[in-house]
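Worksheet: one structure, shown below.
No lab work stands behind these numbers, since they all come straight from the coordinates. Here the structure is a predicted model, which means the values were calculated and not measured. No Cβ is skipped: glycine too gets one built from the backbone with ideal geometry, and neighbour counts run over all protein chains shown.
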Amino acid sequence: MPVATPGDTATARLPVTEERIEAFASVTGDDNPLHLDPEYASESLFDGPVAHGMLPAGAISSALAELPGDIVYVSQDLSFDRPVRPGETIEATVTVAEGLDGDMLRVETTAAADGEPAVTGTATVLSEPHE
């Protein structure tokens, strides 16, 4: 299998549901009421429940896994640009921007919710051929 190279791109889609938010909370142990308690969250700056920020970031990981070769996540810089709400759909897009030392790559990452950027950043990954 070939390795990822500059210009390669991949996407992943993830519907955001209350059930998915609850499952994420269960797996991570993050039971912040901004995510899980509609009454509490309605009185917050978000004016209602929002997904954990790492949920759309997780969609970025899914998109990275769609690039050619075996992809190993090394690092990620993230900016949380807007909240993601139940009922929205995340579309994560990753684009290999440049090769670095060895088999390392710099990848531009975006997770948009219903077409608006929600989480953006840059990842460093290792891309090796799958044997």
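To the nearest ten degrees, helix 18-28 and the longest principal axis of the Cα atoms of the chain are 70 degrees apart. Taking the convex hull of the alpha carbon positions in the stretch 40-115 and averaging its projected area over all directions gives 5.8 nm². Protection proxy ranking, highest mean first, for peptides 38-48, 94-104: 94-104, 38-48, where packing is the per-residue count of other beta-carbon atoms within 10 Å, averaged. Residues whose amide H comes within less than 5 Å of that of D81, counting only those at least five positions distant or on another chain, are V119, T120 (H built at 1.01 Å from N in the peptide plane). Straightening the chain between M104 and R82 buys 5.0 nm, computed as 0.36 nm per residue apart minus the Cα-Cα spacing. Between helix 54-64 and the chain there is an angle of about 20 degrees, using the helix long axis and the longest principal axis of the Cα atoms. Computed over the stretch 1-57, the convex hull of the alpha-carbon atoms projects to a mean area of 6.0 nm².
Order of 117-130, 13-26 by packing, highest average Cβ count within 10 Å first? Spell out each step's value before the answer.
Working: 117-130: 18.1, 13-26: 15.0.
Output ranking for 117-130, 13-26: 117-130, 13-26.
The magnitude of the dipole of the chain, with charges of +1 and -1 set on the Cβ of Lys/Arg and Asp/Glu and taken from the Cα centre, is near 180 debye. Taking 0.36 nm per residue of sequence separation and removing the Cα-Cα distance, the Y73/L45 pair yields an extension gain of 6.8 nm.
What are the semi-axes of the equivalent ellipsoid for the chain, taken as the square roots of 5 times the Cα gyration tensor eigenvalues, largest first, in whole Å? If you can, show how the numbers build up before the last one.
Values: eigenvalues 194, 36, 28 Å².
After diagonalising the Cα gyration tensor, the semi-axes are 31, 13, 12 Å.
Give me the distance between the Cα centres of the stretch 75-131 and the stretch 1-65, rounded to whole Å. For the stretch 75-131 versus the stretch 1-65, the Cα centre distance is 13 Å. Across the stretch 102-114, rounded Karplus estimates of 3J(HN,Hα) from the backbone phi angles (6.51 cos²θ - 1.76 cosθ + 1.60, θ = phi - 60°) give x, 9, 7, 9, 9, 10, 7, 10, 9, 10, 9, 10, 6 Hz, Gly and Pro being marked x.
Once you have the Cα-Cα distance between E19 and D31, take 0.36 nm times their residue separation minus that, and quote the gain in nm to one decimal. All intermediate terms of the calculation are to be shown ahead of the outcome.
Numbers: separation 12, 0.36 × 12 = 4.32 nm, distance 1.33 nm.
Working it through step by step, the gained length comes to 3.0 nm.
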